[in-house]
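Structure record follows, encoded as structure tokens.
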Amino acid sequence: MTYRIFMLSAAVLGTFAAAQICRAAEEDAAPAKEEVLESIVVTAERRAEDPQKMAVSVVAISGEDLQVRGISTIENLQFLVPSLSYVDLGNVKFINIRGVGLNEGAPNQTDGVATHIDGAYVAQVFTTADAYFDLDSVEVLRGPQGTYEGQNAEGGAIFINTKAPSFNGLNGYAKVNFGNYSERVTEAAVNLPASDNLAFRFSGQNETRDSYTVNHGPFGASVDAPVETNQPGNLNRVLGRAQVLYQPIDSLDIRIVYQYSDRTTDGFPYILNTPAGLANPRSISYDYNEAYDLKYQRTTGIVDWKINDDVKLHVISSYQATDQNYAQDTDLTSPYVSPSTPQGTNTIQIHDWYSTNEVDLLSTSSSPLQWTVGLTELDYHQPFTLQSTTYNPPGLTSDPNSGLVLSFHTFRKNEAAFGDITYKISPQWDIKIGGRYNYDHTGVEAGSFLIPPLPEPLGGPNGVVRVPVGPNEPSYTAGTGRAVLDFQPTPTNLIYATVGRGYKPGGWTPNIGGPPDPDNVYKAEYVLNTELGWKSTLLDSHLRTAVDIFHMNFQNYQATVATDPNNPATSVTTNVQGTKIKGLEAQAQGVMGSLTIDAALSLLDAKYGNLAIFETPGIIGPNDPAAPLLINLSGRTVDYAPKVSGNLSASYDLDTSAGKFVPRLDWTYQGQQWTSFFEAPSQQIPSRALLDFRLAYIPKPAWRFEGYVTNITNKVYPVGVGASSAYPYIGSYYLGPPRLFGVTATFTF
């Protein structure tokens with residue numbers, strides 16, 4: 001079977017081979033180079049910089065290294081970046097750095113980790129999963145980025161940089177992958193220079209895969225019936241990217257990037273966190289057909305103009321429109337399998353659009369004084385509707401008015417001005433001071449409404465009452481920034497100390513469980529981060545290390561609680577005082593001859609501050625007290641902040657007369673995480689350790705064949721924990737992939 005797959009891969013790619021024979025021969029004749037660590041350029045702070053020279057905690061990974069490590073999603077990326085947590089709940093993604101980012105899937109919440117594609121801000125992170133192909137690099141900055149990113153980067157920032165067109169001739173690659181669960185991936189890119197000042201790059205990817213879970217349908221696996229055609233967890237996606245680079249004069253680059261994504265699935269396979277559910281974790285019985293379809297189009301324009309030897313102009317604008325359709329079986333079973341379980345469904349339609357703009361001026365001289373000034377703008381809109389329906393056996397008659405209905409048009413707008421200066425006091429000492437002024441307004445537009453599931457007589461003859469929501473537009477202003485002092489005792493060592501302030505705007509939450517309350521306004525959140533770091537490059541660039549310690553002190557930390565302790569649907573966002581997060585991050589990468597080793601470690605101590613709230617009855621277990629229990633959050637662990645995470649990888653280049661063999665072993669660990677401060681058993685994501693193996697065969701520099709096995713031990717582990725509409729104390733798991741194996745063939749020309 002493996003032989004046939006390799007032969008098919010070779011047949012698909014072989015059409016490119018003939019034109020490259022001469023080039024391959026020339027590359028074979030080239031003298032061998034001594035292996036040293038790869039040098040990566042980081043542009044997150046608008047300048048091309050060596051990450052080992054930046055006084056900020058940053059992890060930079062090249063596109064080639066992402067391919068070698070099999071990193072094709074942000075879920076994989078978290079295993080390479082200490083303190084980065086990615087929790088997947090299907091249509092909601094929680095990205096947190098150092099325990100800061102997003103801990104609630106409400107439409108009014110602002111992300112605390114700013115994600116960018118080609119330098120342009122991405123307002124909703126669920127679209128970034130389709131960007132991890134044909135990349136130049138990925139950069140992850142940890143800690144508040146209060147100068148360049150402002151209100152969206154309280155925990156940090158992620159920069160996804162696609163491979164740009166170039167004038168260096170015709171080149172590109174083609175790649176195919178065959179794996180279990182009928183996984184098929186085809187990917188290709190081509191760089192086409194049309195002239196000395198005009199170049200194009202086209203890239204695309206198509207992926208299809210069966211679900212890791214079998215849906216037996218409403219009658220379950222015990223009944224001799226055909227397997228249900230609706231299979232939550234399957235995947236069919238088509239991605240495309242087209243770029244043009246125009247250089248009318250040597251000092252001016254104009255680049256336009258268009259990206260398209262069309263992802264269709266049968267929804268997401270959650271399992272109940274019960275003994276029966278965990279006994280057969282890859283088996284479900286849904287009686288409602290699920291679906292999740294996501295489409296978006298994104299256009300970005302980038303202008304870099306070196307006005308003279310001292311000043312450069314950088315302009316970036318983007319526009320994105322997205323459509324989502326989501327249908328969910330919220331009880332995660334059927335009345336025939338679980339007759340006593342109340343049945344429920346959700347349908348959600350979301351259409352959002354937004355534009356971002358940024359204009360920067362940067363100094364480019366060799367003066368000891370360097371500066372940057374800039375203006376940014378975000379205009380985001382999201383109309384969405386949610387319809388919840390409940391029905392009960394045995395009649396199975398659904399009432400469209402039996403559940404919650406939301407019809408909101410939410411928006412976020414931000415305008416900001418920023419600047420920084422760096423002064424080289426001496427060859428060893430630098431000081432950098434940056435600041436940003438933020439103006440935000442966020443809320444709900446007129447015409448928004450909700451229909452709570454109110455019983456008669458309060459709800460009227462059909463239990464229906466439309467409650468207007470909005471218009472509401474709270475505004476916030478804040479100053480953020482950072483001051484850095486760094487010392488370079490030797491050319492290969494950097495010691496830095498930084499103090500930075502981050503911020504996330506407040507907002508207004510409608511009281512879904514009752515009439516609207518104009519007082520449901522929560523305050524803006526602020527964080528003061530102090531950090532000390534040391535970076536070194538040793539042994540003639542054969543060893544690179546970075547370590548930092550930090551302390552984050554929060555004011556008005558935002559958390560979501562229920563105003564009615566007997567009704568968790570009355571959730572609103574409030575502020576917790578005294579929350580603190582501190583930690584240590586360490587990384588090392590070394591190459592010793594043919595052996596390459598990577599290691600990373602993160603230790604977090606993240607504790608909530610003081611807030612007395614009522615614990616909802618039944619959320620911990622069926623034997624909870626009938627009356628609400630008053631608790632205090634002080635000392636409880638912050639959501640999505642694993643105490644320990646890390647990774648260890650090793651690869652070895654084995655040269656033979658038949659070509660190069662590269663075995664690679666990757667071990668990753670992610671500590672336990674809580675998804676709520678109640679710390680109920682159903683709100684815990686257990687710790688997990690995963691082991692992957694890859695074996696690459698490179699017969700010629702242009703060819704790469706690879707076999708892989710991920711999750712070697714076939715560990716069953718959740719990557720997200722959700723709620724169950726049936727029982728609040730049970731909850732549900734969204735599982736990570738099982739053991740996967742396959743082969744990949746890549747041809748580069």
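The values are calculated or read from the model by the stated rules, or taken from the named source; none is laboratory data. Small disclaimer: the values here were computed from a predicted structure and weren't measured. Backbone-built Cβ (ideal geometry, glycine too); neighbour counts: all protein chains shown. Please note that ligands, DNA and RNA were not included when accessible areas were found on the heavy atoms of the full protein model with its side chains. Shrake-Rupley method; radii C 1.70, N 1.55, O 1.52, S 1.80 Å.
Could you check how much of the accessible area of the range 277-425 is carbon and sulfur, as a whole percent, using a 1.4 Å probe?
Working: 3640 of 6310 Å².
Exposed carbon and sulfur together represent 58 percent of the surface.
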- Query: Short version: what are the Cα gyration tensor semi-axes of the chain, square root of 5 times each eigenvalue, largest first, in whole Å?
  - Reply: 42, 33, 25
- Coil-residue chymotrypsin sites (Phe, Trp or Tyr not before Pro) of the range 157-202, DSSP, other Cβ within 10 Å capped at 14: Phe167
- Query: In nm, to one decimal, how far is the Ile256 label point from the Arg282 one, both placed 7 Å along Cα→Cβ?
  - Reply: 4.7 nm
- Query: How large is the accessible surface per residue of the range 149-269, computed with a 1.4 Å probe and reported in Å² as a whole number?
  - Reply: 40 Å²
- Message: Report the per residue volume, in Å³, of the convex hull enclosing the C-alpha atoms of the range 113-224.
- Response: 175 Å³
- Query: Top to bottom by accessible area (1.4 Å), largest first, where do Tyr336, Tyr640 land?
  - Reply: Tyr336, Tyr640
- Message: Using only DSSP helix segments of four residues or longer, with each worth -39500 (n - 2.57), what per-residue ellipticity at 222 nm results for the chain after dividing by its residue count and rounding to 500?
- Response: -1500 deg cm²/dmol
- Message: Apply the Karplus curve 6.51 cos²θ - 1.76 cosθ + 1.60, θ = phi - 60°, to the phi angles in the range 340-355 and return the couplings in whole Hz, x for Gly and Pro.
- Response: 8, 8, x, 9, x, 9, 10, 10, 9, 10, 10, 10, 10, 8, 7, 10
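Just check the range 158-301 against the gyration tensor rule for me: Cα atoms, a ≥ b ≥ c as the square roots of the eigenvalues, rounded for a/c under 1.5, and otherwise prolate or oblate depending on whether a/b exceeds b/c. The partial results should precede the final answer.
Working: a/c = 3.89, a/b = 3.07, b/c = 1.27.
Taking the square roots of the gyration eigenvalues as a ≥ b ≥ c, the range 158-301 is prolate.
Past 22 Å, Cα to Cα, is the threshold; run Lys163/Lys504; Lys535/Lys660; Lys295/Lys715; Lys93/Lys580; Lys175/Lys700; Lys432/Lys580 against it and keep the listed order.
With Cα atoms farther than 22 Å apart: Lys163/Lys504; Lys535/Lys660; Lys295/Lys715; Lys93/Lys580; Lys432/Lys580.
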- Message: In whole percent, and with a 1.4 Å probe on the protein chains, what portion of the accessible area of the range 636-749 is carbon and sulfur?
- Response: 61 percent
- Query: Can you give the accessible area of Arg482 in Å² (nearest 10), computed on protein heavy atoms with a 1.4 Å probe?
  - Reply: 40 Å²
- If you plug each phi of the range 734-741 into the Karplus form 6.51 cos²θ - 1.76 cosθ + 1.60 with θ = phi - 60°, what whole-Hz ³J(HN,Hα) values come out, in order, with x for Gly and Pro? 10, 8, x, x, x, 5, 10, 8
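Which whole-number value in Å² is the accessible area per residue of the range 271-363, probe 1.4 Å?
Numbers: 3730 Å² over 93 residues.
On a per-residue basis, the range 271-363 sits at 40 Å².
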